[in-house]
Structure formats: C-alpha cells, structure tokens
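Scroll down for the structure; my scribbles are underneath it.
Throughout, read-outs are computed from the coordinates displayed, never taken from laboratory work. Predicted model, so just to flag it, every value in this text is computed and none were measured. Here Cβ is always computed from backbone atoms with ideal geometry, including for glycine, and neighbour counts include all displayed protein chains.
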C-alpha cells in the first residue's frame, strides 16, 4: 500500500508534554496500516521501537525500513514521519530534552539488545505513573544508560520516494525469500530493468543485489534472534544450502550465525 493512501494519525500529544519530573514517558500503541498526518516536530526526543511488525521512518532526506531488531532515535525538534504499512506493536519512549543531550544529534537507527527490549516492555507498563527516586524513575534511568550505549547499525534498509521503486521494495519486503530477478521486478515497477537498476542506486545508494542481500541479512537476524532454526531460516530465505547461507553471513558480518548471536546477545 502506498504510504500516501494510509489513514492518517495525528501527532502524539505526549511528545509536547514538558515535565522535568518525567525524564521518559513511555507509550504502547497497536497500529495497523496508518501513518503520520504530516511531518512534525516536538520538544521531546522519541525512541521508536516496534516490538513486532515493520515501520517506515522518514527523517529529512533519509527513509528507512525498521524491523523489530532495530529502533530509531529521533532527537528533540527534528522533523520526522512514521508509517506502518502493516500491523505493528509500537513502543515509544518520549525523552525529555534535559536528559537527551548526550544522545545522538541526528536521527539514528540502533540495535535493540535483548536487555533494552525487556526494559522498554517493562517501561510501558509503568507509563507516567512514577515520581523521582521511585522504582519506576530508576528504571527510566537504567533505560537512559542503555540508550547511550546502544550501537548504531549499518544494516538498516534505506528506502526511496519514487513510486516505481516503492512498489518493488514493498514486494520484496512482503516475501524476502522469493527468488526475484530484476527483469521480473521491472514489470511491477512499470519501468525497464535498466531504469529500475538506476532507481535503486539513485534512491537507496545501493545496487539491487546489495539492497536485497541486506534485506535477507536483516530478515535472518530478526528470525534467528527469535529462536528460529538456522537451517529453516536459510531455506526459507531462498538459499540452496545451509553452507551457502552461513558463508554469506560470515562474509557480511565476520561471524557465523551462531557466533553473531552470541556476540550480540551477551
């Protein structure tokens, strides 16, 4: 579905709430096929995390697809938009400017560690029902420490704005493991294979092959992180053998799937 046709959501009022006693205001939402009514800014920074589902985040000229293994940090007063082409369990942390000075100054895609994920899920249960020095307040302080240490990821998926390219990207995202060639995808785009190839580079900064490889890596990391079997993931994503999948993983990330998960879940 084109994001322009999605039902519109108004900006969340919590983002404009100034209260020094609440360094973080968490908010859980269930969203299905919706998007921002317009680009907007608010005085609180926003840590946007989908515990399930995929969202599309726009910050200035950057457009990203963000899966549950990642989140996006939007600093205070930075214009942004968020879209939810499918069903998403959204977990927001609205962070006061008084405690966000040492967080990134630009929109940043970061890895969500297992610890950070559990802290976020705990925080939304607390909501804004806490006072300074209470257990809820101390939880928010621990979250801030984890956010300061969160690692930016180079595996984020850049999107684009050209409708021809977006039709292709949506098809790839719906079924990452399908064996799609550029000639076949060109018919979805309504453009020649050469034009589509150029659109990939111009709009995303990646070739078609590099973009699809990053999609498969991102999908693999997400599935493996949920405990799915390595062999099943490899074949579901279109690899003809487990060894080919492991070699792709090793070349891209410098570790086998098992090694990568151990390094990133410690």
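What is the extension gain from residue 244 to residue 167, computed as 0.36 nm multiplied by their sequence separation minus the C-alpha to C-alpha distance, in nm to one decimal?
Stretched out fully, the residue 244 to residue 167 stretch lengthens by 24.8 nm.
Rg and Dmax in Å for the range 161-264, alpha carbons only: what are they?
14.8, 43
Take residue 19 and residue 62, extend 7 Å from each Cα along the Cα→Cβ direction, and tell me the distance between the two endpoints in nm.
3.0
Helix 163-174 sits at what angle to the longest principal axis of the chain, using alpha carbons and giving 0 to 90 degrees rounded to 10?
Here the helix axis deviates by roughly 80 degrees.
Sort 219, 81, 118 so that the residue with the fewest other Cβ atoms within 10 Å of its own Cβ comes first and the one with the most comes last. Could you put the intermediate results ahead of the total?
On the way: 219 19, 81 16, 118 10.
Taking fewest neighbouring Cβ atoms as first place, the list is 118, 81, 219.
Provide the FRET efficiency to the nearest 0.05 for the residue 98-residue 51 pair, computing r from the beta carbons and using R0 = 25 Å.
The computed FRET efficiency comes out at 0.40.
Take the Cα atoms of the chain, build their convex hull, and give its volume per residue in Å³. Spell out each step's value before the answer.
Numbers: hull volume 32.2 nm³, N = 266.
Roughly 121 Å³ of hull volume per residue.
Only counting other Cβ atoms within 10 Å, I'd like 9, 172 sorted with the fewest neighbours first.
9, 172
Could you give me D for the range 3-149, from Stokes-Einstein at 37 °C and 0.692 mPa s, where the hydrodynamic radius is the Kirkwood radius over C-alpha pairs? Units µm² s⁻¹, please.
Translational D for this selection: 216 µm²/s.
By how many nm would the segment from residue 201 to residue 235 grow when fully extended, if each residue of separation counts as 0.36 nm and the alpha-carbon distance is taken off?
Extending this stretch completely gives an extra 9.4 nm.
For 64, 73, what ranking results if the residue with the fewest other Cβ atoms within 10 Å of its Cβ goes first? Don't skip to the end; give the middle numbers.
Working: 64 17, 73 24.
Fewest-to-most Cβ neighbours within 10 Å comes out as 64, 73.
Measure nothing fancy, just the Cα-based angle from helix 135-149's long axis to the longest principal axis of the chain, in degrees from 0 to 90, nearest 10.
40
Counting only helical runs of four or more DSSP H residues, what would the 222 nm mean residue ellipticity of the chain come to if each run contributes -39,500 (n - 2.57) and the total is spread over all its residues?
Here the helix-only value at 222 nm equals -12000 deg cm²/dmol.
Quick one: Cα centre-to-centre distance for the range 169-187 and the range 69-122, in angstrom?
So the two Cα centres are separated by 29 Å.
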